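The values are calculated or read from the model by the stated rules, or taken from the named source; none is laboratory data. Predicted, not measured: the structure shown is a model, and the values here were computed from it. As a convention, Cβ positions derive from the backbone with ideal geometry for all residues, glycine included, and neighbour counts pool all protein chains shown. Side chains included, ligands, DNA and RNA excluded: accessible areas come from the protein's heavy atoms. Shrake-Rupley method; radii C 1.70, N 1.55, O 1.52, S 1.80 Å.
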Amino acid sequence: MSVDSDLAVPLPKSSRPQRNLTPVMWLGIVAIGIAVVSLVRILTGANNLDSSGAIQAAITAATPIALAGLSGLWSERAGVVNIGIEGMMILGTFGAGYAGYQWGAWAGVVFGIFCGLLGGLLLALVTVTVGVDHIIAGVAINILAPGLALYLSRLLFTDAPGGGQRQSPPVPDVGRITLPFLSDWLGEIEDKGWFFVSDVASILRGMCTNLSLLTVLAVLLIVATGFVLWRTRLGLRLRSCGEAPYAAESLGVNVYWYKYVAVAVSGGLAGLAGSFLVVGLKFQDGQTGGRGFIGLAAMIFGNWRPGGMALGASLFGYTDGVQQYDASGSAMHAFLILVAIALAVVAVLQYRGGHHTVAAVAAVIAILCVWWFLATDELPQQLVKAAPYAITLLVMALASQNLRMPKADGMIYRKGGH
(Lines give C-alpha, C1' and ligand atoms only; values in the text may rest on other atoms or scores of the structure.)
Protein backbone atom coordinates (compact mmCIF):
# COMPACT_ATOMS: atom_id res chain seq x y z
CA MET A 1 0.00 0.00 0.00
CA SER A 2 1.10 3.57 -0.68
CA VAL A 3 0.00 6.39 1.64
CA ASP A 4 0.15 10.14 1.00
CA SER A 5 1.26 12.38 3.84
CA ASP A 6 -1.62 14.82 3.28
CA LEU A 7 -4.38 12.26 2.80
CA ALA A 8 -3.81 8.85 4.32
CA VAL A 9 -5.95 6.91 1.85
CA PRO A 10 -4.34 3.59 0.88
CA LEU A 11 -3.99 3.26 -2.85
CA PRO A 12 -3.34 -0.39 -3.79
CA LYS A 13 -0.40 -1.34 -5.93
CA SER A 14 -0.08 -4.25 -8.26
CA SER A 15 1.22 -7.42 -6.63
CA ARG A 16 3.90 -7.66 -9.29
CA PRO A 17 6.92 -5.36 -9.16
CA GLN A 18 6.59 -2.45 -11.56
CA ARG A 19 9.20 -2.13 -14.30
CA ASN A 20 9.47 1.53 -15.12
CA LEU A 21 11.17 2.14 -18.45
CA THR A 22 13.69 4.96 -18.51
CA PRO A 23 13.53 7.68 -21.20
CA VAL A 24 16.56 6.10 -22.89
CA MET A 25 14.78 2.74 -23.03
CA TRP A 26 11.70 4.39 -24.53
CA LEU A 27 13.86 6.08 -27.17
CA GLY A 28 15.39 2.71 -27.97
CA ILE A 29 11.96 1.13 -28.42
CA VAL A 30 10.86 3.99 -30.70
CA ALA A 31 14.05 3.69 -32.75
CA ILE A 32 13.55 -0.06 -33.19
CA GLY A 33 9.95 0.54 -34.28
CA ILE A 34 11.00 3.12 -36.87
CA ALA A 35 13.73 0.79 -38.15
CA VAL A 36 11.20 -2.03 -38.59
CA VAL A 37 8.81 0.26 -40.49
CA SER A 38 11.69 1.52 -42.63
CA LEU A 39 12.77 -2.02 -43.49
CA VAL A 40 9.22 -3.03 -44.46
CA ARG A 41 8.90 0.16 -46.53
CA ILE A 42 12.07 -0.62 -48.50
CA LEU A 43 11.26 -4.32 -49.01
CA THR A 44 7.66 -3.74 -50.14
CA GLY A 45 8.04 -0.36 -51.88
CA ALA A 46 5.12 1.03 -49.84
CA ASN A 47 6.50 4.55 -49.35
CA ASN A 48 3.30 5.80 -47.74
CA LEU A 49 3.85 3.65 -44.65
CA ASP A 50 5.45 6.60 -42.88
CA SER A 51 5.45 9.47 -45.35
CA SER A 52 5.01 12.95 -43.89
CA GLY A 53 1.51 13.14 -45.38
CA ALA A 54 0.54 9.88 -43.70
CA ILE A 55 1.96 11.10 -40.39
CA GLN A 56 -0.06 14.33 -40.66
CA ALA A 57 -3.20 12.28 -41.32
CA ALA A 58 -2.30 9.99 -38.41
CA ILE A 59 -1.96 12.91 -36.00
CA THR A 60 -5.32 14.28 -37.16
CA ALA A 61 -6.95 10.88 -36.64
CA ALA A 62 -5.33 10.27 -33.25
CA THR A 63 -6.22 13.61 -31.65
CA PRO A 64 -9.99 13.06 -31.07
CA ILE A 65 -9.28 9.48 -29.93
CA ALA A 66 -6.75 10.74 -27.38
CA LEU A 67 -9.16 13.39 -26.10
CA ALA A 68 -11.93 10.78 -25.79
CA GLY A 69 -9.56 8.48 -23.90
CA LEU A 70 -8.54 11.37 -21.63
CA SER A 71 -12.22 12.02 -21.00
CA GLY A 72 -12.73 8.45 -19.83
CA LEU A 73 -9.57 8.55 -17.71
CA TRP A 74 -10.75 11.54 -15.64
CA SER A 75 -14.15 10.01 -15.02
CA GLU A 76 -13.02 6.50 -14.19
CA ARG A 77 -10.17 7.61 -11.95
CA ALA A 78 -12.90 9.11 -9.76
CA GLY A 79 -14.91 5.87 -9.87
CA VAL A 80 -17.53 6.76 -12.52
CA VAL A 81 -17.63 4.55 -15.62
CA ASN A 82 -18.31 6.83 -18.59
CA ILE A 83 -19.75 4.79 -21.45
CA GLY A 84 -21.45 7.97 -22.65
CA ILE A 85 -18.32 9.56 -24.16
CA GLU A 86 -19.62 8.92 -27.67
CA GLY A 87 -22.84 10.80 -26.88
CA MET A 88 -20.94 13.67 -25.27
CA MET A 89 -18.73 13.90 -28.36
CA ILE A 90 -21.88 14.15 -30.49
CA LEU A 91 -23.12 17.02 -28.33
CA GLY A 92 -19.71 18.63 -28.82
CA THR A 93 -19.93 18.31 -32.60
CA PHE A 94 -23.33 19.99 -32.63
CA GLY A 95 -22.19 22.77 -30.31
CA ALA A 96 -19.10 23.45 -32.43
CA GLY A 97 -21.18 23.43 -35.61
CA TYR A 98 -23.81 25.79 -34.19
CA ALA A 99 -21.50 28.40 -32.71
CA GLY A 100 -18.61 27.91 -35.13
CA TYR A 101 -20.30 29.00 -38.34
CA GLN A 102 -21.80 32.10 -36.65
CA TRP A 103 -19.01 33.40 -34.42
CA GLY A 104 -15.84 31.66 -35.53
CA ALA A 105 -13.80 28.53 -34.88
CA TRP A 106 -12.78 29.23 -31.29
CA ALA A 107 -16.33 30.15 -30.32
CA GLY A 108 -17.35 26.79 -31.76
CA VAL A 109 -14.68 25.00 -29.73
CA VAL A 110 -15.78 26.71 -26.51
CA PHE A 111 -19.46 25.98 -27.11
CA GLY A 112 -18.65 22.40 -28.07
CA ILE A 113 -16.80 21.98 -24.76
CA PHE A 114 -19.79 23.51 -22.96
CA CYS A 115 -22.24 21.09 -24.61
CA GLY A 116 -20.04 18.13 -23.71
CA LEU A 117 -19.77 19.45 -20.14
CA LEU A 118 -23.58 19.51 -19.92
CA GLY A 119 -23.59 15.85 -20.93
CA GLY A 120 -21.02 15.14 -18.22
CA LEU A 121 -23.08 16.93 -15.58
CA LEU A 122 -26.13 14.92 -16.65
CA LEU A 123 -24.17 11.69 -16.24
CA ALA A 124 -22.93 12.84 -12.82
CA LEU A 125 -26.47 13.71 -11.74
CA VAL A 126 -27.95 10.31 -12.58
CA THR A 127 -24.97 8.22 -11.41
CA VAL A 128 -23.52 10.10 -8.43
CA THR A 129 -26.64 11.77 -7.00
CA VAL A 130 -29.48 9.47 -8.09
CA GLY A 131 -27.43 6.27 -8.08
CA VAL A 132 -28.35 4.86 -11.50
CA ASP A 133 -26.11 2.09 -12.82
CA HIS A 134 -23.21 3.71 -14.66
CA ILE A 135 -23.46 1.53 -17.76
CA ILE A 136 -27.19 2.12 -18.15
CA ALA A 137 -26.75 5.88 -17.72
CA GLY A 138 -23.95 6.02 -20.30
CA VAL A 139 -25.91 3.99 -22.83
CA ALA A 140 -28.91 6.28 -22.32
CA ILE A 141 -26.76 9.33 -23.13
CA ASN A 142 -25.45 7.59 -26.25
CA ILE A 143 -29.03 6.98 -27.35
CA LEU A 144 -30.40 10.44 -26.53
CA ALA A 145 -27.51 12.59 -27.82
CA PRO A 146 -27.71 11.62 -31.53
CA GLY A 147 -31.46 12.16 -31.60
CA LEU A 148 -31.18 15.52 -29.86
CA ALA A 149 -28.38 16.67 -32.15
CA LEU A 150 -30.32 15.62 -35.25
CA TYR A 151 -33.49 17.36 -34.05
CA LEU A 152 -31.64 20.58 -33.33
CA SER A 153 -29.80 20.30 -36.64
CA ARG A 154 -33.06 20.15 -38.57
CA LEU A 155 -34.42 23.03 -36.50
CA LEU A 156 -31.42 25.37 -36.76
CA PHE A 157 -29.43 24.46 -39.87
CA THR A 158 -32.04 23.69 -42.54
CA ASP A 159 -32.51 27.32 -43.62
CA ALA A 160 -28.92 28.45 -42.93
CA PRO A 161 -26.72 29.13 -46.01
CA GLY A 162 -24.76 25.97 -46.74
CA GLY A 163 -26.60 24.00 -44.07
CA GLY A 164 -29.11 21.20 -44.23
CA GLN A 165 -31.22 18.86 -42.15
CA ARG A 166 -28.19 16.75 -41.19
CA GLN A 167 -25.35 19.23 -41.40
CA SER A 168 -24.33 22.73 -40.40
CA PRO A 169 -22.89 25.43 -42.63
CA PRO A 170 -19.08 25.29 -42.99
CA VAL A 171 -17.07 26.12 -39.87
CA PRO A 172 -13.73 27.97 -40.18
CA ASP A 173 -10.57 26.26 -39.01
CA VAL A 174 -8.44 27.18 -36.02
CA GLY A 175 -4.86 28.25 -36.57
CA ARG A 176 -2.22 25.82 -37.80
CA ILE A 177 1.51 25.70 -37.22
CA THR A 178 4.23 25.03 -39.80
CA LEU A 179 7.95 25.48 -39.28
CA PRO A 180 8.81 26.36 -42.90
CA PHE A 181 12.60 26.09 -42.95
CA LEU A 182 12.70 22.93 -40.84
CA SER A 183 9.82 21.40 -42.81
CA ASP A 184 11.53 22.06 -46.15
CA TRP A 185 14.86 20.66 -44.97
CA LEU A 186 13.24 17.53 -43.57
CA GLY A 187 11.31 17.15 -46.84
CA GLU A 188 14.57 17.02 -48.79
CA ILE A 189 15.88 14.25 -46.53
CA GLU A 190 12.57 12.38 -46.79
CA ASP A 191 12.78 12.41 -50.59
CA LYS A 192 16.16 10.64 -50.49
CA GLY A 193 14.50 7.40 -49.37
CA TRP A 194 17.39 6.46 -47.06
CA PHE A 195 16.94 3.65 -44.57
CA PHE A 196 15.87 4.94 -41.13
CA VAL A 197 17.19 8.50 -41.66
CA SER A 198 14.53 9.41 -44.24
CA ASP A 199 11.87 7.75 -42.08
CA VAL A 200 12.84 9.83 -39.05
CA ALA A 201 12.80 12.95 -41.24
CA SER A 202 9.33 12.16 -42.62
CA ILE A 203 7.94 11.59 -39.12
CA LEU A 204 9.43 14.83 -37.81
CA ARG A 205 8.21 16.70 -40.88
CA GLY A 206 4.69 15.39 -40.34
CA MET A 207 4.84 16.64 -36.75
CA CYS A 208 5.90 20.18 -37.65
CA THR A 209 3.86 20.81 -40.81
CA ASN A 210 0.27 22.09 -40.85
CA LEU A 211 -0.25 21.10 -37.20
CA SER A 212 -3.60 22.16 -35.72
CA LEU A 213 -3.54 24.26 -32.57
CA LEU A 214 -6.14 21.89 -31.14
CA THR A 215 -3.63 19.06 -31.49
CA VAL A 216 -1.09 21.10 -29.54
CA LEU A 217 -3.79 21.75 -26.93
CA ALA A 218 -4.54 18.01 -26.73
CA VAL A 219 -0.86 17.22 -26.06
CA LEU A 220 -0.74 19.85 -23.33
CA LEU A 221 -3.91 18.44 -21.75
CA ILE A 222 -2.44 14.93 -21.67
CA VAL A 223 0.70 16.21 -19.92
CA ALA A 224 -1.36 18.37 -17.55
CA THR A 225 -3.60 15.42 -16.68
CA GLY A 226 -0.62 13.31 -15.70
CA PHE A 227 0.70 16.12 -13.50
CA VAL A 228 -2.62 17.01 -11.86
CA LEU A 229 -3.81 13.47 -11.12
CA TRP A 230 -0.46 12.10 -9.92
CA ARG A 231 1.41 15.14 -8.55
CA THR A 232 -1.18 17.29 -6.76
CA ARG A 233 -3.42 17.00 -3.71
CA LEU A 234 -6.50 17.46 -5.90
CA GLY A 235 -5.42 14.51 -8.01
CA LEU A 236 -4.76 12.31 -4.98
CA ARG A 237 -8.18 13.06 -3.52
CA LEU A 238 -9.87 12.49 -6.86
CA ARG A 239 -8.12 9.13 -7.38
CA SER A 240 -8.92 8.11 -3.82
CA CYS A 241 -12.62 8.47 -4.71
CA GLY A 242 -12.11 5.85 -7.40
CA GLU A 243 -10.09 3.51 -5.19
CA ALA A 244 -11.55 3.74 -1.68
CA PRO A 245 -14.35 6.32 -1.46
CA TYR A 246 -15.47 5.39 2.05
CA ALA A 247 -11.90 5.61 3.34
CA ALA A 248 -11.60 9.01 1.68
CA GLU A 249 -14.92 10.06 3.24
CA SER A 250 -13.68 9.08 6.70
CA LEU A 251 -10.76 11.48 6.22
CA GLY A 252 -12.96 14.42 5.30
CA VAL A 253 -12.93 14.22 1.50
CA ASN A 254 -16.15 15.42 -0.16
CA VAL A 255 -16.50 12.41 -2.47
CA TYR A 256 -19.59 13.74 -4.25
CA TRP A 257 -17.79 16.98 -5.12
CA TYR A 258 -14.73 15.26 -6.57
CA LYS A 259 -16.85 12.86 -8.60
CA TYR A 260 -18.82 15.77 -10.04
CA VAL A 261 -15.61 17.64 -10.91
CA ALA A 262 -14.11 14.57 -12.60
CA VAL A 263 -17.21 13.79 -14.67
CA ALA A 264 -17.65 17.45 -15.63
CA VAL A 265 -14.05 17.58 -16.86
CA SER A 266 -14.68 14.29 -18.65
CA GLY A 267 -17.67 15.77 -20.47
CA GLY A 268 -15.75 18.90 -21.42
CA LEU A 269 -12.90 16.84 -22.88
CA ALA A 270 -15.39 14.73 -24.85
CA GLY A 271 -16.96 17.94 -26.16
CA LEU A 272 -13.50 19.16 -27.20
CA ALA A 273 -12.94 15.86 -29.03
CA GLY A 274 -16.20 16.40 -30.90
CA SER A 275 -15.26 20.00 -31.69
CA PHE A 276 -12.01 18.84 -33.25
CA LEU A 277 -14.00 16.87 -35.83
CA VAL A 278 -16.00 19.94 -36.84
CA VAL A 279 -13.60 22.90 -37.04
CA GLY A 280 -12.37 23.41 -40.58
CA LEU A 281 -15.25 21.27 -41.85
CA LYS A 282 -18.88 21.24 -40.68
CA PHE A 283 -21.17 19.38 -38.30
CA GLN A 284 -22.61 16.22 -39.87
CA ASP A 285 -24.92 13.56 -38.50
CA GLY A 286 -22.92 10.47 -37.47
CA GLN A 287 -19.64 12.38 -37.56
CA THR A 288 -18.05 10.75 -34.50
CA GLY A 289 -18.03 7.29 -36.09
CA GLY A 290 -17.56 5.38 -32.83
CA ARG A 291 -14.43 7.28 -31.82
CA GLY A 292 -15.70 7.60 -28.26
CA PHE A 293 -15.65 3.83 -27.89
CA ILE A 294 -12.19 3.59 -29.47
CA GLY A 295 -11.04 6.22 -26.97
CA LEU A 296 -12.34 4.04 -24.13
CA ALA A 297 -10.46 1.08 -25.58
CA ALA A 298 -7.29 3.19 -25.76
CA MET A 299 -7.74 4.20 -22.12
CA ILE A 300 -8.08 0.57 -21.01
CA PHE A 301 -5.11 -0.43 -23.18
CA GLY A 302 -3.11 2.28 -21.40
CA ASN A 303 -4.06 0.89 -17.97
CA TRP A 304 -5.95 4.05 -16.99
CA ARG A 305 -2.83 6.23 -17.40
CA PRO A 306 -2.31 9.20 -19.76
CA GLY A 307 0.88 7.91 -21.43
CA GLY A 308 -0.47 4.46 -22.17
CA MET A 309 -3.75 5.96 -23.37
CA ALA A 310 -1.86 8.25 -25.76
CA LEU A 311 0.02 5.23 -27.10
CA GLY A 312 -3.25 3.41 -27.80
CA ALA A 313 -4.68 6.47 -29.53
CA SER A 314 -1.52 6.76 -31.62
CA LEU A 315 -1.93 3.15 -32.74
CA PHE A 316 -5.40 3.88 -34.09
CA GLY A 317 -4.31 7.21 -35.55
CA TYR A 318 -1.39 5.64 -37.40
CA THR A 319 -3.47 2.89 -39.00
CA ASP A 320 -6.26 5.31 -39.89
CA GLY A 321 -3.81 7.90 -41.24
CA VAL A 322 -2.07 5.38 -43.48
CA GLN A 323 -5.44 4.16 -44.73
CA GLN A 324 -6.62 7.68 -45.57
CA TYR A 325 -3.41 8.73 -47.30
CA ASP A 326 -2.83 5.49 -49.22
CA ALA A 327 -4.58 5.94 -52.57
CA SER A 328 -3.00 2.89 -54.22
CA GLY A 329 -3.62 0.49 -51.33
CA SER A 330 0.00 -0.73 -51.30
CA ALA A 331 0.71 0.65 -47.84
CA MET A 332 -2.26 -1.12 -46.22
CA HIS A 333 -1.22 -4.34 -47.95
CA ALA A 334 2.30 -3.93 -46.53
CA PHE A 335 0.70 -3.14 -43.19
CA LEU A 336 -0.05 -6.86 -42.88
CA ILE A 337 3.68 -7.43 -42.32
CA LEU A 338 3.78 -4.78 -39.59
CA VAL A 339 0.77 -6.35 -37.89
CA ALA A 340 2.43 -9.77 -38.09
CA ILE A 341 5.63 -8.41 -36.49
CA ALA A 342 3.66 -6.62 -33.76
CA LEU A 343 1.67 -9.77 -32.97
CA ALA A 344 4.85 -11.84 -32.90
CA VAL A 345 6.27 -9.47 -30.28
CA VAL A 346 2.99 -9.67 -28.34
CA ALA A 347 3.14 -13.47 -28.51
CA VAL A 348 6.65 -13.54 -27.04
CA LEU A 349 5.79 -11.10 -24.25
CA GLN A 350 2.57 -12.89 -23.36
CA TYR A 351 4.31 -16.28 -23.35
CA ARG A 352 6.96 -14.94 -20.99
CA GLY A 353 4.18 -13.53 -18.82
CA GLY A 354 2.52 -16.93 -18.52
CA HIS A 355 -0.42 -16.21 -20.85
CA HIS A 356 0.21 -19.16 -23.14
CA THR A 357 -3.23 -19.24 -24.76
CA VAL A 358 -3.10 -15.56 -25.68
CA ALA A 359 0.45 -16.03 -26.98
CA ALA A 360 -0.68 -18.91 -29.18
CA VAL A 361 -3.60 -16.91 -30.59
CA ALA A 362 -1.31 -13.95 -31.39
CA ALA A 363 1.23 -16.25 -33.07
CA VAL A 364 -1.43 -17.93 -35.21
CA ILE A 365 -2.88 -14.59 -36.36
CA ALA A 366 0.64 -13.34 -37.14
CA ILE A 367 1.24 -16.37 -39.38
CA LEU A 368 -2.10 -15.81 -41.11
CA CYS A 369 -1.15 -12.16 -41.78
CA VAL A 370 2.11 -13.23 -43.43
CA TRP A 371 0.29 -15.83 -45.54
CA TRP A 372 -2.34 -13.25 -46.55
CA PHE A 373 0.40 -10.81 -47.63
CA LEU A 374 2.18 -13.43 -49.73
CA ALA A 375 -1.03 -14.77 -51.32
CA THR A 376 -2.50 -11.40 -52.38
CA ASP A 377 -1.47 -8.20 -54.11
CA GLU A 378 -3.97 -5.85 -52.43
CA LEU A 379 -6.66 -5.80 -49.78
CA PRO A 380 -10.40 -5.48 -50.51
CA GLN A 381 -11.48 -1.85 -50.25
CA GLN A 382 -14.14 -2.68 -47.66
CA LEU A 383 -11.51 -4.24 -45.41
CA VAL A 384 -9.18 -1.27 -45.88
CA LYS A 385 -11.85 1.07 -44.47
CA ALA A 386 -12.37 -1.15 -41.42
CA ALA A 387 -8.67 -1.91 -40.92
CA PRO A 388 -7.91 0.87 -38.37
CA TYR A 389 -10.67 -0.36 -36.05
CA ALA A 390 -9.88 -4.06 -36.50
CA ILE A 391 -6.10 -3.73 -36.12
CA THR A 392 -6.35 -1.42 -33.12
CA LEU A 393 -8.79 -3.60 -31.21
CA LEU A 394 -6.89 -6.78 -32.12
CA VAL A 395 -3.53 -5.53 -30.86
CA MET A 396 -5.09 -3.92 -27.76
CA ALA A 397 -7.02 -7.07 -26.85
CA LEU A 398 -4.02 -9.37 -27.17
CA ALA A 399 -1.48 -7.01 -25.59
CA SER A 400 -3.54 -5.92 -22.57
CA GLN A 401 -3.50 -8.72 -20.02
CA ASN A 402 -2.04 -7.17 -16.86
CA LEU A 403 -4.50 -4.35 -16.27
CA ARG A 404 -5.87 -2.95 -13.03
CA MET A 405 -8.85 -0.64 -13.14
CA PRO A 406 -9.61 1.70 -10.21
CA LYS A 407 -10.90 -0.53 -7.41
CA ALA A 408 -14.20 1.31 -6.89
CA ASP A 409 -14.81 2.04 -10.59
CA GLY A 410 -18.54 1.74 -11.28
CA MET A 411 -19.49 1.35 -7.62
CA ILE A 412 -22.62 3.18 -6.40
CA TYR A 413 -21.44 5.41 -3.57
CA ARG A 414 -23.67 6.65 -0.76
CA LYS A 415 -22.36 8.99 1.91
CA GLY A 416 -22.15 7.19 5.25
CA GLY A 417 -23.29 3.95 3.63
CA HIS A 418 -20.17 1.86 4.25
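Taking region 13-71 only, how many residues are outside any helix (DSSP H, G or I), at pLDDT 85 or above and not aliphatic (A, V, I, L, M)?
Residues meeting the conditions: 3.
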For LEU336, indicate whether it is surrounded by 17 or more Cβ atoms within 10 Å (Cβ to Cβ) and either of a type in the set (Gly, Ala, Ser) or part of a helix (DSSP H, G or I) (or both). yes
Of all residues in region 267-291, count the ones that are modelled with pLDDT of 95 or more, assigned to a helix (DSSP H, G or I) and either within 13 Å of the chain's Cα centre (by Cα) or β-branched (Val, Ile, Thr) (or both). 7
Checked VAL126, VAL139 against criteria (over 23 Å from the mean Cα position of the chain (by Cα), closer than 22 Å to SER71 by Cα and assigned to a helix (DSSP H, G or I)); the one match is VAL126
Residues GLY163, GLY187, GLY252, GLY206: which one is open to solvent by less than 40 Å² (accessible area, probe 1.4 Å) and assigned to a loop (DSSP other than H, G, I, E, B)? GLY163
Pairs, first over 11 Å from ALA68 (Cα atoms) in region 254-270, second of a type in the set (Val, Ile, Thr) and open to solvent by 40 Å² or more (accessible area, probe 1.4 Å), C-beta under 9 Å, six or more apart: TYR256/THR129; TYR260/THR129
Yes or no: ALA327 buried (at least 18 other Cβ atoms within 10 Å of the Cβ) and closer than 29 Å to LEU379 by Cβ? no
Considering each residue of region 32-47, count those that are open to solvent by less than 50 Å² (accessible area, probe 1.4 Å), more than 22 Å from the chain's Cα centre (by Cα) and free of Cβ contacts under 8 Å to residues at least 12 places away in the same chain, and give that number. 0
If we keep only residues of region 173-184 that are surrounded by fewer than 14 Cβ atoms within 10 Å (Cβ to Cβ) and out of contact with any strand residue (DSSP E or B) (no Cβ under 9 Å at 6 or more places or on another chain), then the residue nearest to GLY147 (Cα to Cα) is PRO180
Unmet requirement for ASN142, which otherwise passes all of (1) surrounded by 17 or more Cβ atoms within 10 Å (Cβ to Cβ); (2) of a type outside the set (Phe, Trp, Tyr); (3) free of Cβ contacts under 8 Å to residues at least 40 places away in the same chain: (3)
Would you be able to tell me the number of residues in region 292-315 that are over 15 Å from ILE83 (Cβ atoms) and under 8 Å from the mean Cα position of the chain (by Cα)? 5
I'm told THR232 meets every condition in (1) open to solvent by 80 Å² or more (accessible area, probe 1.4 Å); (2) within 26 Å of VAL265 (Cα to Cα); (3) free of Cβ contacts under 8 Å to residues at least 40 places away in the same chain except one. Can you identify the failing condition by its number? (1)
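How many of the residues in region 206-233 are in contact with a strand residue (DSSP E or B) (Cβ under 6 Å, 6 or more places away or on another chain) and not small (Gly, Ala, Ser)? It would help to see each step written out before you state the result.
Our first condition is that a residue be in contact with a strand residue (DSSP E or B) (Cβ under 6 Å, 6 or more places away or on another chain); within region 206-233, this holds for 210-212.
Pick out the ones that are also not small (Gly, Ala, Ser) and you get 210-211.
Of the residues in that region, 2 qualify.
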Can you confirm whether region 110-127 contains a residue that is buried (at least 24 other Cβ atoms within 10 Å of the Cβ), farther than 30 Å from TYR318 by Cβ and in contact with a Lys or Arg (Cβ under 7 Å, 6 or more places away or on another chain)? yes
Does ALA310 satisfy the criteria of being closer than 30 Å to TRP103 by Cβ, in contact (Cβ under 8 Å) with a residue 40 or more places away in the chain and either of a type in the set (D, E, K, R) or open to solvent by less than 40 Å² (accessible area, probe 1.4 Å) (or both)? no
